[in-house]
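Working notes, structure below.
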Amino acid sequence: MLNRNNLNQSVFPREGAWVLYKMFVLREPQQLQILYESLEESIPESLKVYGTLFHIRNKNPFNLEVLVDAWPEYQTVVIRPQKEEMKDDLDYYTNTYHIFTKAPDKLEEVLACPQVINWEQAFQIQGCQESLGEAIQKVAASKSVQVDYLRTVLFVFEKPTLEASSGDKMDLMKLLKIPKVLEDKRKETFQNIVLDVSHARLVNEQWELGKNEKSLKYVERCLQNFTGFGVLNSEGKPISWFLTEQSCEIRMGYTFPKYRGQGHMSQIGCQSIAYFFSKKIPFYLHVAEDKEKSQQILLSFGFKNALCGWHQWKCTPKRYC
C-alpha cells in the first residue's frame, strides 16, 4: 500500500497538481492511487467518487478530473468532466458531478466557486450522502438555480471477496439462490450476451431516467466504454439487461413484463458479479424507494441496503426552466 506521507504537501502543486481556486486537481497515478485507497475506508458514503476514480485510473474513458480541497489531508473530493466535455448547457447526463465530503459544513464555500461548478448550465450532482443537500440548496438559491432532488435506496454486495475461478459460477449460483434446475431449463431457450452500442436505443427507450436524445448519447457512450449484460430470447431479441457507467454503478436494468419472474436477471447477475470480482471492479446499484419487490430480490441475492442512500440533485438555471 502506498504511503501518502511520501508526498510533501509544500511541493505537491509543482509535482502533480495545479491549483484551482482552493482546490487541487490531482493528475499523477500515485496520487490517484492514494486517494482511491483512502476513499475505500469511507464506503458506502464514498461509493460514487470511489467508483468513478476506478475508471479514471483505468484509461479515464469519460475524460474526467479529480479535485480535492487539500492534499494529502483532504476533506472534499469533486469529480467532474473536463471543460471541453461540457459543451452542451442542457446535457444533464454529461454535466455530472460526483461529490464526497468529510466536512459538509464547509461544502458551501467549495460549491459556490464558479471555477469548481458551472452554475450557468444545467447539471446534476450525485453522491451517497444526504448531508450534501443543504449546501447544494443554499448555493443554488443564491444563484437562481432550481433543484430537483431524488433519493433512492442504495444496495451494495454483502460478500466482500470472491476469487474468480472455475468454481465461481457454482458458488454464485448458491449465493444468489438460483436453482440449478431453473438454470438448466432456461439455457434451452435463452442466451446470455454482452451488450454493445447497437442495443443503446432499446436500453434508452426503457430507462426511466432516459427516453430522450441526450440520454441516448449517454447510453451509447456507456456501452462503448463499459460492460453491459443481457439475455436473448429464442428469437434472438434482448428481453432483459443492465449496464454499468462511469462511476461503476449498475444502472438501466430492465426486463420486459412477459419475461419477469423467470430468473433472467438472476442469471445475468451471476455472470456479471463473477466478472466484476475477476476484474476487481467495484459495483453497486440503486432502486426506487417504492419498488419493494425489487429490493427484496436484491436482498435475497446477497446485496444489503446501505442506509446512507443514493442521492441526485438535478440543477437547472431559471432561464432554462
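Can you list residues whose amide H is under 5 Å from I193's amide H, if they're 5+ apart or on another chain and H is modeled 1.01 Å from N?
Amide H to amide H, under 5 Å and 5 or more residues apart or across chains, I193 pairs with G230, V231, L232.
Might you work out the accessible area of R260 for me, using a 1.4 Å probe with all protein chains in place, and round it to the nearest 10 Å²?
Looks like 130 Å² after rounding.
Tell me which residues come under 5 Å, amide H to amide H, from V66 once H is placed; ignore anything under 5 positions away on its chain.
Amide H to amide H, under 5 Å and 5 or more residues apart or across chains, V66 pairs with L26.
Which value, in Å² and to the nearest 10, is the accessible area of F190 when all protein chains are kept and the probe is 1.4 Å?
Rounded to the nearest 10, that gives 40 Å².
With θ set to phi - 60° and the Karplus curve 6.51 cos²θ - 1.76 cosθ + 1.60, what are the ³J(HN,Hα) couplings of the range 123-129 in order, to the nearest whole Hz, using x for Gly and Pro?
Residue by residue, the range 123-129 yields 7, 9, 10, 10, x, 10, 9 Hz.
Starting from the Cα of K280, step 7 Å along the direction of its Cβ; do the same at E158; then give the gap between the two resulting points in nm.
Once both label points are built, they end up 2.7 nm from each other.
Provide the per residue accessible area, probe 1.4 Å, for the range 39-83, rounded to a whole number of square angstrom. Walk me through the numbers on the way to the answer.
Numbers: 1590 Å² over 45 residues.
Result: 35 Å² of accessible area for each residue.
Give me the distance between the Cα centres of the range 38-103 and the range 245-321, rounded to whole Å.
Distance between centres, Cα-based: 20 Å.
Can you list the aspartates and glutamates whose alpha carbon is less than 15 Å from that of K258, not counting same-chain residues fewer than 8 positions off?
E235
Work the Kirkwood hydrodynamic radius out for the range 194-321: mean of 1/r over every pair of different alpha-carbon atoms, inverted, in Å.
Details: mean 1/r = 0.0631 Å⁻¹.
By the Kirkwood definition, the hydrodynamic radius is 15.8 Å.
Counting only C-alpha contacts under 8 Å and six or more residues apart, can you give the relative contact order of the range 187-321 as a whole percent? Let's see the in-between values first.
Numbers: 143 pairs, mean separation 23.6, N = 135.
This gives 17 percent for the range 187-321.
The values are calculated or read from the model by the stated rules, or taken from the named source; none is laboratory data. Treat the numbers as computed from the prediction; the structure is a model and nothing was measured. Reconstructed Cβ throughout: ideal geometry from the backbone, glycine too, with neighbour counts over all protein chains shown. These accessible areas exclude ligands, DNA and RNA; they are computed on the full protein's heavy atoms, side chains included. Shrake-Rupley method; radii C 1.70, N 1.55, O 1.52, S 1.80 Å.
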